[in-house]
Amino acid sequence: MPFAGVWLRSAFLPRTADMAELFADLHIHSCLSPCADDDMTPNNICGMASLKGLGIIALTDHNTCGNCRSFLSVAKKNGVIGVAGMELTTSEDIHVVCLFPELDDAMRFDSFVDTKRMKIKNKPEIFGDQLILDGEDHIIGIDEFLLPNATSISIEEVGRIVSEYGGVCYPAHIDRQANGIIAILGTLPFEPSFSTVELHSRDSVSEYKDKYGLSDKLIVISSDAHYLTDMRDAESSVSLFAEPDDHSALRRELIKMLGGKL
């Protein structure tokens, strides 16, 4: 199996001159998620990623892509490949990571999800702030409605919908009780079929791989970071067939890989 933390279905892929090997963390929250620390700003996230040696990171706030625009611009300045994403809460209260190759794709999906949200006013003093920032980490807005609530998008339809917006999705932290697909449904369902699953703990891989038949899945280990100190060190890597400086091509290759198309 190549590369710690990311397991591929097949054997080693051949190395070529146009292949980039990148340390990754594909599940990070910003201060737009009420449960995340206010210090999780685009600049702090990308600066920490750079310090940790991470090459590709995804911003995945709860049911919104509202900070993705500033995040992508800051990531590029820090020499980090940023991926626009979202941690969607399905109607069953299952968390699903949704990632997109381009910002426009993510923002179109964001607009769609906004129509499927339960609009209950946030109480910052209880749940936390929901801050929208610019590329200098200045507050330019807030989301007044509580973000983590379940949407009306079901687990059966989420894959198809995300695909229609050019992205890929997979169940988040399936080894956790809170909002994990296995904890809620009792197993990883045969349908809908996901090519990739995310685990939070590396120690869970062997148990979950055997118990829930994950041998044909790509297993991704991500931090689900809500604090800067939660972000992963440079320990989980992925190889993508594109020029290292071509961020758009690398994101497209990542989406293909996570969707089982490589």
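The values are calculated or read from the model by the stated rules, or taken from the named source; none is laboratory data. Here the structure is a predicted model, which means the values were calculated and not measured. Neighbour counts are summed over all protein chains in view; Cβ atoms, including those assigned to glycine, are modelled from backbone coordinates with ideal geometry. In case anyone asks, the SASA skips ligands and DNA or RNA and just uses the protein heavy atoms, side chains included. Shrake-Rupley method; radii C 1.70, N 1.55, O 1.52, S 1.80 Å.
Could you calculate the contour length gain from ASP245 to SER111, that is, 0.36 nm times the residue separation minus the distance between their Cα atoms, to one decimal place in nm? Provide the component values of the computation, followed by the final result.
Values: separation 134, 0.36 × 134 = 48.24 nm, distance 2.99 nm.
Using 0.36 nm per residue and subtracting the Cα-Cα distance, I get 45.3 nm.
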ask   = Given R₀ = 41 Å, FRET efficiency for LYS261-THR229 by Cβ-Cβ distance, to 0.05?
value = 0.75
message = Placing one identical point scatterer on every Cα of the range 25-99 and ignoring solvent, what is log10 I(q)/I(0) from the Debye formula at q = 0.19, 0.21 Å⁻¹?
response = -0.68, -0.82
request  = Find, among the trypsin sites (Lys or Arg not before Pro) in the range 81-124, those assigned to loop by DSSP (not H, G, I, E, B) with at most 12 other beta-carbon atoms within 10 angstrom.
outcome  = LYS119
key: Calculated diffusion of the range 201-262, Stokes-Einstein form, Kirkwood radius summed over Cα pairs, 4 °C and 1.567 mPa s, µm²/s   = 94 µm²/s
query = Within straight cross-link reach of LYS77, meaning Cα distance under 21 Å, which lysines are found once same-chain residues fewer than 8 apart are removed?
reply = LYS52
ask   = Separation between the ARG252 and GLU164 pseudo-spin-labels, each 7 Å from Cα along Cα→Cβ, expressed in nm?
value = 2.4 nm
ask   = What size of dipole, in debye to the nearest 20, comes out for the range 81-162 about its Cα centre when the only charges are +1 on Lys and Arg C-beta atoms and -1 on Asp and Glu C-beta atoms?
value = 360 debye
request  = Classify the range 144-186 as rounded, prolate or oblate, taking a ≥ b ≥ c as the square roots of the eigenvalues of its Cα gyration tensor: rounded when a/c is under 1.5, otherwise prolate if a/b is larger than b/c and oblate if not.
outcome  = oblate
Rounded Å value of the spacing that divides the Cα centres of the range 105-127 and the range 235-261 = 28 Å
query = By how many nm would the segment from GLU92 to SER50 lengthen if fully extended, with 0.36 nm per residue of separation less the alpha-carbon distance?
reply = 11.5 nm
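At 0.36 nm per residue, minus the direct Cα-Cα distance, what do TYR212 and ASP38 gain on full extension? Give it in nm, one decimal, please.
Working: separation 174, 0.36 × 174 = 62.64 nm, distance 3.66 nm.
Gain on stretching TYR212 to ASP38: 59.0 nm.
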inquiry  = Show me the three semi-axes of the equivalent ellipsoid for the range 135-262, from the C-alpha gyration tensor (sqrt of 5 times each eigenvalue), largest first, rounded to whole Å.
reply    = 24, 21, 18
query = With +1 on each Lys and Arg Cβ and -1 on each Asp and Glu Cβ, how big is the dipole of the range 150-231 about its Cα centre, in debye rounded to the nearest 20?
reply = 80 debye
remark   = Note to self: with every protein chain in place and a 1.4 Å probe, the chain gives an accessible area per residue in Å² of 42 Å²
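Calculate the FRET efficiency for ASN149 and ILE126 from the Cβ-Cβ distance with a Förster distance of 22 Å, rounded to the nearest 0.05.
Numbers: r = 14 Å, r/R0 = 0.62.
My answer for the efficiency is 0.95.
Pop out the carbon and sulfur fraction of the accessible area of the range 127-225 as a percent, whole number, probe 1.4 Å.
Details: 2140 of 4400 Å².
Roughly 49 percent of what the probe reaches on the range 127-225 is carbon or sulfur.
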inquiry  = With Kirkwood's inverse mean 1/r over C-alpha pairs for Rh, give me the Rg to Rh ratio of the range 170-228, two decimals please.
reply    = 0.94
message = Which of rounded, prolate or oblate describes the range 112-160 when judged by the alpha-carbon gyration tensor and an a/c cut-off of 1.5?
response = oblate
key: lysines whose Cα lies under 25 Å from that of LYS209, excluding same-chain neighbours fewer than 8 positions away   = LYS217, LYS256, LYS261
GNM top mover of THR151, THR64, THR115 - the chain, alpha-carbon springs below 10 Å = THR115
remark   = Computed about the Cα centre, the charge dipole of the chain from +1 Lys/Arg and -1 Asp/Glu charges at the Cβ has a magnitude in debye, to the nearest 20, of 540 debye
Spherically averaged projected area in nm², based on the convex hull that wraps the Cα atoms of the range 71-164 = 6.8 nm²
Rg/Rh ratio calculated on Cα atoms of the chain (Kirkwood radius) = 0.94
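Using Cα pairs closer than 8 Å and at least 6 residues apart in sequence, work out the relative contact order for the chain, in percent. Display every interim value, and only then the final one.
Numbers: 596 pairs, mean separation 70.9, N = 262.
Rounded, it is 27 percent for the chain.
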